[in-house]
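Below is one structure; the comments refer to it alone.
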Amino acid sequence: MAAAFRIAAAMAVALVLLLLILPGQQQQPHRFCDERLTAEQRAADLVANLTLAEKVSQLGDRAAGVARLGVPAYEWWSEGLHGLSIWGRGIRFNGTVRAVTSFPQVILTAAAFDAGLWRRVGEAVGAEARALYNLGQANGLTIWSPNVNIFRDPRWGRGQETPGEDPVTASRYAVAFVTGLQGIGGEASACCKHATAYDLDYWNNVVRYNYDSKDGASTGKRGETSSQVEKKHGPYEKGYFAVTLQDLEDTYNPPFKSCVAEGKATCIMCGYNSINGVPACASSDLLTKKVRQEWGMNGYVASDCDAVATIRDAHHYTLSPEDTVAVSIKAGMDVNCGNYTQVHAMAAVQKGNLTEKDIDRALVNLFAVRMRLGHFDGDPRSNAVYGHLGAADVCSPAHKSLALEAAQDGIVLLKNDAGALPLQPSAVTSLAVIGPNADNLGALHGNYFGPPCETTTPLQGIKGYLGDRARFLAGCDSPACAVAATNEAAALASSSDHVVLFMGLSQKQEQEGLDKTSLLLPGEQQGLITAVANAARRPVILVLLTGGPVDVTFAKDNPKIGAILWAGYPGQAGGLAIAKVLFGDHNPSGRLPVTWYPEEFTKVPMTDMRMRADPATGYPGRSYRFYQGNTVYNFGYGLSYSKFSRRMFSSFSTSNAGNLSLLAGVTARRAGDDGGGMSSYLVKEIGVERCSRLVFPAVVEVQNHGPMDGKHSVLMYLRWPTTSGGRPARQLIGFRSQHVKVGEKAMVSFEVSPCEHFSWVGEDGERVIDGGAHFLMVGDEELETSFGLWGLS
């Protein structure tokens, strides 16, 4: 039925085109079906032929059809975070295809530090979306993914959806995933969300719908003054710190900029939050000046669901619904997830708050995207690039294999004392599998998932190796572990040759709309783990399934816990991936994409948006770049079953080091302007051409000393001689994942751009390069380079 409707809609559009091009006919006014025109020209013609009422009907995620023009209805909201999702309205699983490939939750895939892998996952999601569209099971190809917000606070419930805390990693992920999903032929449209500085859902009665980092108003009641809230909460807890230009430009905005400028994403979504007093979906500085003019987006801006309504109803930024719709559309928002704009836009025009021209601008952006997706080019199955995609391209063997690869490449080995892992299946006489996440399908997927092709839980993965030699006990009533069967678990452990515990979190502790209040394992989990470890015959293995970090210092320091694995929410093949790591069929190579903080970090208010530390007040800062405090595990940490060594060297070509006066005419800032006591150069004054001539290669030699073949993730950082002025302690500038056989060496190359990689953002939001020494870092290796008037030396 759906496929027939899709073909009928395509035929209606084709009839309009037929009237346009029949020989001897005078050209009709409806030129939007003429494929010889640009997408923008076609969109403008379509919009020009709509009545005002028809225009208003297009402003929500459920856009009405216009039968008289052959324009079919459209669903803008579909999700594809780590596979097509049951969230959203544009995709259905009630036809020929009833399941899709469920990849690991993003935070685990990010741990692979492999941009090629990220792109291939995006390609698979895009291909499956187009396949469902061709089959008539999708009324939209606009996928509102990825989430590239910075995982700023370890308590954030949606951190699991992101690539982590580092802006470079998030930026590379954005480019790779978006490029893959959108494809060469425009299989789908990607949307990077949620711009910007959005990373709080529900914490300490502060909610995302009205959160404003400017003055902490959400911490108190409406009408309370800052002094009243400070008196109630104290000066440290109030969170009255604006999002600084420095933090915006070097932390919060880069992933969105890369998404648009490099990934060519055709959509940005504005979030619920305000940035320094202005709701994101009402900010022309963000949506028009930044996203469109500075970054050059060629596409549309979507609001988060009901984020237009919250401008008035939660932020109290506007006085009426008409004001609200006008402010958001004039700011650059094009389509509202929800129907608020559809309900109130007509009145806004009638009252003079909004003009029809304002609506036209939004609709041209929207219809141009649909034109590029081929929605007005006839039967989609006739397209030469993606018309062949169908049921066989969903849950294909290649996509299933990719889901397994993504899961096993992301798994992080956090501890492995005395070679506790890997286990040898033939040597295991009995193995106790204990924990609420061992046979829990929900622990595989995280949020924003779709019906998976197939699933393998960790228990099933282990039984695939050991059969009945594996015995199972959940040990807790749920991951919340309000009730624990501690005695039974200890008894099973004491009667087993080996013990593997599957603990961690679930969507009951961390999800959209719910932030954590503690970093400890919930309920009775810690007591259960300790009791099992004490009862076991040998050191036990702990596998953690979580999205965000947890404080497992007790396990890290306990000699009776021999190994710890973090496996995120690993997707449909997660159980098999974990089993392959446990039994040595895969050598772990994942690295943590976030810092794991101790429980004491929860004293820091989530509402404090500052990245940089403030020692004078005891504020420790955030992320590996700025945090000044103890950690459980560091960003980038991860062990292997093999020993790898690295040696770094670079080659400064004569065109760089010997090129005189590369910076001639560039005014150096006075030494000490930034508190660092050194001269610096504005990157924008150096210019694109000279920046390109400063690029040089750096090479890392990686050797695998055994005993297993495997991948090794090489992370290269830049360190400045000082951290004054807000310079990071260090900054990741690149990464590569390289497979190396035992006894062999591999040369891993990096392209280092001083304008991009040596620069840092000052308090004024401008990116600058210091003159003098800079240090490239890989592990314990450092390589010094210098930057100055004559270039590099």
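The values are calculated or read from the model by the stated rules, or taken from the named source; none is laboratory data. These figures come from a predicted structure and were not determined experimentally. Because the Cβ atoms are built from the backbone with ideal geometry, glycine has one as well, and the counts that use them run over all protein chains shown. All accessible areas refer to the heavy atoms of the entire protein, side chains included, with ligands and DNA or RNA removed. Shrake-Rupley method; radii C 1.70, N 1.55, O 1.52, S 1.80 Å.
The set of residues in the range 153-187 that are open to solvent by less than 10 Å² (accessible area, probe 1.4 Å), under 19 Å from R625 (Cα atoms) and touching a Gly at 6+ places or on another chain (Cβ under 8 Å) comprises D153, P154, R155, W156, G159, A170. In the range 464-476, the residues that are farther than 16 Å from A579 by Cβ reach residues that are β-branched (V, I, T) with C-beta atoms within less than 6 angstrom, at least six apart or across chains, in these pairs: L473/I434; G475/I434.
Residues that are touching a residue at least 12 places away in the same chain (Cβ under 8 Å), within 22 Å of N139 (Cα to Cα) and part of a helix (DSSP H, G or I) do occur in the range 68-90, at least one of them. Scan the range 397-422 for residues that are in a loop (DSSP other than H, G, I, E, B) and either more than 25 Å from the chain's Cα centre (by Cα) or not assigned by the TED database to the domain that holds F449 (or both) and jot them down. Passing the criteria: A420, L421, P422. The set of residues in the range 138-187 being closer than 29 Å to V385 by Cβ, outside any helix (DSSP H, G or I) and among the small types (G, A, S) consists of A138, G140, S145, G183, G185, G186.
Yes/no matrix, rows are residues, columns are (1) open to solvent by 10 Å² or more (accessible area, probe 1.4 Å); (2) without any contact (Cβ under 8 Å) to a residue 24 or more places away in the chain; (3) of a type in the set (G, A, S):
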position	(1), (2), (3)
W566	no, no, no
Y569	no, no, no
Q572	no, no, no
A577	no, no, yes
K580	yes, no, no
G584	yes, no, yes
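Is it the case that D439 is touching a helix residue (DSSP H, G or I) at 6+ places or on another chain (Cβ under 7 Å) and either over 23 Å from V125 (Cβ atoms) or part of a loop (DSSP other than H, G, I, E, B) (or both)? Yes.
Taking the criterion of being of a type in the set (S, T, Y), out of contact with any Pro (no Cβ under 7 Å at 6 or more places or on another chain), more than 25 Å from A265 (Cβ to Cβ) and modelled with pLDDT under 95, would at least one residue in the range 384-399 satisfy it? The answer is no; no qualifying residue exists.
Results for (1) surrounded by 24 or more Cβ atoms within 10 Å (Cβ to Cβ); (2) assigned to a helix (DSSP H, G or I), shown as yes or no for each residue.
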site: T251; (1), (2): yes, yes
site: P255; (1), (2): yes, yes
site: V260; (1), (2): yes, yes
site: I268; (1), (2): yes, no
site: Y272; (1), (2): yes, no
site: D285; (1), (2): no, yes
site: T288; (1), (2): no, yes
site: Q293; (1), (2): no, yes
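Does S692 satisfy the criteria of being within 30 Å of K580 (Cβ to Cβ), in contact with a helix residue (DSSP H, G or I) (Cβ under 9 Å, 6 or more places away or on another chain), open to solvent by 20 Å² or more (accessible area, probe 1.4 Å) and in the same structural domain as V761 (by the TED database)? When the stated conditions are applied, S692 does not pass them.
Looking across the range 717-773 at every residue that is of a type in the set (A, V, I, L, M) and either assigned to a loop (DSSP other than H, G, I, E, B) or open to solvent by 10 Å² or more (accessible area, probe 1.4 Å) (or both), the one that is farthest from V243 (Cα to Cα) is identified as V742. Out of everything in the range 423-456 that is over 26 Å from R469 (Cα atoms) and within 19 Å of the chain's Cα centre (by Cα), what residue ends up being surrounded by the fewest Cβ atoms within 10 Å (Cβ to Cβ)? Applying the filter and picking the extreme gives N447. The residues listed here are A326, A347, A362; of these, the one that is among the hydrophobic types (A, V, I, L, M, F, W, C), under 27 Å from N298 (Cβ atoms) and more than 30 Å from the chain's Cα centre (by Cα) is A326.
To keep it simple, each residue is scored yes or no on (1) without any contact (Cβ under 8 Å) to a residue 40 or more places away in the chain; (2) among the aromatic types (F, W, Y); (3) not assigned by the TED database to the domain that holds A345.
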site: Q246; (1), (2), (3): no, no, yes
site: N253; (1), (2), (3): no, no, yes
site: M269; (1), (2), (3): no, no, no
site: D285; (1), (2), (3): yes, no, no
site: C305; (1), (2), (3): no, no, no
site: T310; (1), (2), (3): no, no, no
site: S328; (1), (2), (3): no, no, no
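One line per residue, one yes/no per condition, for (1) over 29 Å from D468 (Cβ atoms); (2) open to solvent by 20 Å² or more (accessible area, probe 1.4 Å); (3) in contact with a strand residue (DSSP E or B) (Cβ under 8 Å, 6 or more places away or on another chain); (4) not in a strand (DSSP E or B):
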site: A489; (1), (2), (3), (4): no, no, yes, yes
site: A493; (1), (2), (3), (4): no, no, yes, yes
site: F502; (1), (2), (3), (4): no, no, yes, no
site: T517; (1), (2), (3), (4): yes, yes, yes, yes
site: I529; (1), (2), (3), (4): no, no, yes, yes
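Listed by first and then second residue, the pairs with beta-carbon distance under 7 Å, at least 6 apart or on different chains, first residue in the range 159-173 and on the phi > 0 side of the Ramachandran plot, second of a type in the set (F, W, Y), are G164/F151. Take the conditions (1) in contact with a Phe, Trp or Tyr (Cβ under 6 Å, 6 or more places away or on another chain); (2) assigned to a helix (DSSP H, G or I); (3) β-branched (V, I, T); V543 misses just one of them, which is (2). For the range 12-34, the count of residues that are modelled with pLDDT under 95, open to solvent by less than 70 Å² (accessible area, probe 1.4 Å) and of a type in the set (K, R) is zero.
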